[in-house]
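Below you'll find the structure, written out as structure tokens, and then a few comments.
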């Protein structure tokens with residue numbers, strides 16, 4: 001007798017759960033977005049045939065940085081990389097970018113991560129024209145980076161070119 005009552009209860013519970021599952025799933029995803037959400041960005045160490053590194057200066061933050069930016073909703077990491085390189089450097093990848101690592105960027109927020117790529121095969125038909133976002137750009141020898149190069153940018157270049165130990169933090 002007890003077993004029958006338990007089976008009936010389980011069936012009702014299953015029917016209720018199945019009816020409510022789409023709502024529960026949406027509610028849980030909304031909760032996770034705020035409770036566990038993270039942001040994701042891409043950056044690239046772009047190296048020309050002479051071994052120089054492409055850097056940019058943004059209008060909204062001081063220093064020289066690797067080109068890159070945020071991954072938009074519905075966009076793959078690679079699509080974001082290709083878009084950002086085109087926007088910030090008029091750089092078009094002609095070969096497969098190499099994923100070097102994924103870093104936790106605690107300086108930006110406790111939810112930010114950056115995927116770092118190395119790009120050796122590319123085309124830049126004409127240099128980009130400075131605009132409201134990118135105010136300066138250029139290729140620099142790794143041993144002669146501008147003095148205002150950000151610490152994270154210098155560290156990533158050293159990891160890629162000098163074999164410095166990779167950090168898990170940006």
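The values are calculated or read from the model by the stated rules, or taken from the named source; none is laboratory data. Fair warning: this is a prediction, and the values are worked out from it, not measured in the lab. Quick reminder, even Gly has a Cβ in these numbers, built from the backbone with ideal geometry, and neighbours come from all protein chains shown.
For residue 56, the requirement of being without any contact (Cβ under 8 Å) to a residue 12 or more places away in the chain and closer than 15 Å to residue 153 by Cβ is not met. For region 54-65, the condition of being more than 17 Å from residue 145 (Cβ to Cβ) and buried (at least 16 other Cβ atoms within 10 Å of the Cβ) holds for none of the residues. When residue 118 is tested against (1) in contact (Cβ under 8 Å) with a residue 24 or more places away in the chain; (2) in the same structural domain as residue 58 (by TED's automatic domain parsing); (3) within 20 Å of residue 40 (Cβ to Cβ); (4) not in a strand (DSSP E or B), exactly one condition is not met: (4). Only one of these is over 12 Å from residue 153 (Cβ atoms) and surrounded by 20 or more Cβ atoms within 10 Å (Cβ to Cβ): 50, 92, 88. Name it. Checking each option against the conditions leaves just 88. Number of residues in region 152-170 that are part of a helix (DSSP H, G or I) and at pLDDT below 95: the value is 0.
If you check residue 101 against the conditions, is it in contact (Cβ under 8 Å) with a residue 12 or more places away in the chain and either crowded, with 17+ Cβ neighbours inside 10 Å or part of a strand (DSSP E or B) (or both)?
On the way: in contact (Cβ under 8 Å) with a residue 12 or more places away in the chain: yes; either crowded, with 17+ Cβ neighbours inside 10 Å or part of a strand (DSSP E or B) (or both): yes.
When the stated conditions are applied, residue 101 passes them.
Checked against the criterion of being under 15 Å from the mean Cα position of the chain (by Cα), at pLDDT below 95 and in a loop (DSSP other than H, G, I, E, B), region 54-71 contains one or more residues that satisfy it. Look at residue 130 and say whether it is free of Cβ contacts under 8 Å to residues at least 24 places away in the same chain and touching a strand residue (DSSP E or B) at 6+ places or on another chain (Cβ under 9 Å). Yes, satisfied.
Count of region 1-37 residues, restricted to those that are at pLDDT 80 or above and closer than 20 Å to residue 105 by Cβ, is 0.
Within region 133-151, restricting attention to residues that are free of Cβ contacts under 8 Å to residues at least 40 places away in the same chain and in a helix (DSSP H, G or I), the residue that is nearest to the chain's Cα centre (by Cα) is 151.
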